[in-house]
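Structure first, commentary second.
The values are calculated or read from the model by the stated rules, or taken from the named source; none is laboratory data. Fair warning: this is a prediction, and the values are worked out from it, not measured in the lab. When we count neighbours, we look across all protein chains shown, and the Cβ atoms used for this are built from the backbone with ideal geometry, even at glycine. To get the accessible areas, we keep the full protein, side chains included, count just its heavy atoms, and leave off ligands, DNA and RNA. Shrake-Rupley method; radii C 1.70, N 1.55, O 1.52, S 1.80 Å.
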Amino acid sequence: MDLRVTLKKNYEFRRLYNKGKTAVTPYMVVYALKTSRGVRRVGYTVSTKLGKAVVRNRVRRRLREIYRLNASRLIDSADIVIVARTRCVNAEYAKLERAFIGACCELGLLKGEAE
C-alpha cells in the first residue's frame, strides 16, 4: 500500500466535508468517506489560526507521522481528511495518536472493526 496517495484538490476536500462522516476529538476532526476505489487517500488541513508557518508545519508533520505509523491498521477503501484543532499545537504526541485511533474507530476505519 502506497502511503503517499493524497487529496490535493479543493473539490475533493469539500466532498468529504459535505458527504463524509465526522469524528471530533479535542485535538482534531477526522472526516471519512468509504469508497470503492480500493485506495486510501488522505489529506491534512492546518489553519493559519494555529500559528505561523513553523508551527503549522510541525503540526502537519506530526499528523502525517501518526497516520503513517497506523496506516496498516486502517481499511484500504476510504478518503480521509484530518483537520488540526488549536489544542493540537501543544499536545503530547501520545495523546494525538490516541485521538486519531479513537476517531478512526468511531468512523469504522479500523480493520476488523469495519461493518
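What does the charge dipole of the chain about its Cα centre add up to, to the nearest 20 debye, if the Cβ of each Lys and Arg holds +1 and the Cβ of each Asp and Glu holds -1?
The calculated dipole for the chain is roughly 580 debye.
With a point put 7 Å past each Cα toward its Cβ, work out how far residue 39 is from residue 55 in nm, to one decimal.
3.5 nm
So in the chain, what percent of DSSP beta bridges are antiparallel if you round to the nearest 5? Walk me through the intermediate numbers first.
Details: 12 of 18 bridges.
Of those bridges, close to 65 percent are antiparallel.
I'd like to check one number: the per residue accessible area of the chain, probe 1.4 Å, reported in Å² as a whole number.
58 Å²
Excluding ligands and nucleic acids, what accessible area in Å² is computed for residue 106 using a 1.4 Å probe, to the nearest 10?
130 Å²
Could you pull out the longest piece of the chain with no exposed loop trypsin sites (Lys or Arg not before Pro) in it, calling a site exposed if DSSP puts it outside H, G, I, E, B and it has at most 13 other Cβ atoms within 10 Å?
The reported range is 53-110.
Find out how many positive minus negative residues lie around residue 98, taking Lys and Arg as positive, Asp and Glu as negative, among other residues whose Cβ is under 14 Å from that of residue 98.
Computed value for this residue: +1.
Considering the values (1) 10, 13, 11, 10, 10, 9, 8, 8, 7, 6, 4, 2, 0; (2) 14, 50, 32, 4, 0; (3) 11, 25, 21, 22, 18, 2, which represents P(r) over Cα pairs in 10 Å bins from 0, in percent as calculated for the structure under consideration?
Derived directly from the coordinates: (2).
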